[in-house]
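The values are calculated or read from the model by the stated rules, or taken from the named source; none is laboratory data. What you are looking at is a predicted structure, and each value in this text was computed from that prediction instead of being measured. Using ideal geometry, Cβ is built from the backbone for each residue, glycine included, and neighbour counts are taken over all protein chains shown.
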Amino acid sequence: MSFTADQTTSNTGLIYRVRRGAPRSPLILMLHGLSGDENVMWLFDQALPRSATVISPRALFPAADGFSWTRSVSHGEVGQADFTAAIEFLQHFIPEMIQRYEVEAQPVIMMGFSQGAALSYALSLAQPALMCGVIALAGFMPFAATHSSTPLLSAHTLPDVQRRGRAWRSALQPRYLIIHGLDDNIVSVALARAARSELEARGALVEYHEYPGGGHKVSAQGLKDIAQWIATTLREF
């Protein structure tokens, strides 16, 4: 259950670190924030199930003291289109990781911090079939994805989904966990609230938590909520 000793590169060219789980285990993909790399997300590993295979790739573009998933590095100017290159890479990276590490094709959970959360939103909206869940930590939704009239479930499907209940509904689209600090001075909590509203308007199942203080990070209670949400999601999937 230890990290691989050597730096690993995918066929797509992404550098990543991996903790291998049990055979046919779920896959959790961790996406770091601006100026991070493939090493920084492992502080969240304590909240993740030991049975899961966990992978954290390095972003595509060099940035100050690290890497970025977009060429633009300003939170207020990052839109869905800015993540086009990253989405294209991940569309190939995820199936490759599923095959390489012999994990289940579903469930796949995306967990992103800050800019990585924005990419998780962008990927889930562009390719919802790639994952069963998204964990957005101190993140924001790319601006072109907000105020969209496109639901994750069609208007024809929604009434039937509502009759059948939560479990059947979650099998058709990703469910979301949003975690944010009230005093985040990098990504305003207003952006997390806006993401929740947008996702709920699209028909998604959203669990939302705000925590006092904390700044631009995840609290101890947040880690507990991550662990509980993953357990519930994997059990109900």
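Looking at the stretch 161-171, is at least one residue under 20 Å from the mean Cα position of the chain (by Cα), modelled with pLDDT of 95 or more, among the hydroxyl-bearing types (Ser, Thr, Tyr) and closer than 25 Å to PHE44 by Cβ? No, the stretch 161-171 has no match at all. Listed conditions (1) touching a residue at least 12 places away in the same chain (Cβ under 8 Å); (2) farther than 23 Å from LYS217 by Cβ; (3) of a type outside the set (Phe, Trp, Tyr) are all met by THR84, apart from (1). Number of residues in the stretch 213-237 that are among the hydroxyl-bearing types (Ser, Thr, Tyr), over 20 Å from SER114 (Cβ atoms) and without any contact (Cβ under 8 Å) to a residue 40 or more places away in the chain: the value is 1. Is it the case, given these coordinates, that SER35 is at positive phi and surrounded by 19 or more Cβ atoms within 10 Å (Cβ to Cβ)? No: the conditions fail for SER35.
Scanning the stretch 13-26 for any residue that is in a strand (DSSP E or B), under 21 Å from ALA192 (Cα atoms) and modelled with pLDDT of 95 or more turns up nothing.
The single residue among VAL73, VAL103 that is part of a loop (DSSP other than H, G, I, E, B), surrounded by 22 or more Cβ atoms within 10 Å (Cβ to Cβ) and modelled with pLDDT under 95 turns out to be VAL103. The listed residues are GLY112, GLY116, and the only one of them that is part of a helix (DSSP H, G or I), under 13 Å from the mean Cα position of the chain (by Cα) and either among the acidic types (Asp, Glu) or crowded, with 22+ Cβ neighbours inside 10 Å (or both) turns out to be GLY116. Inside the stretch 196-233, residues that are part of a helix (DSSP H, G or I), surrounded by 17 or more Cβ atoms within 10 Å (Cβ to Cβ) and either modelled with pLDDT under 95 or not hydrophobic (A, V, I, L, M, F, W, C) (or both) make up a count of 5.
Scanning the stretch 179-195 for residues that are closer than 24 Å to GLN46 by Cβ and among the small types (Gly, Ala, Ser), we see that the one that is surrounded by the most Cβ atoms within 10 Å (Cβ to Cβ) is ALA192.
Out of curiosity, is LEU90 surrounded by 15 or more Cβ atoms within 10 Å (Cβ to Cβ), more than 22 Å from HIS216 (Cα to Cα) and at pLDDT 95 or above? Yes: the conditions hold for LEU90.
Within the stretch 173-195, if we keep just the residues that are assigned to a loop (DSSP other than H, G, I, E, B), under 20 Å from LEU123 (Cα atoms) and not β-branched (Val, Ile, Thr), the residue that is modelled with the highest pLDDT turns out to be PRO174.
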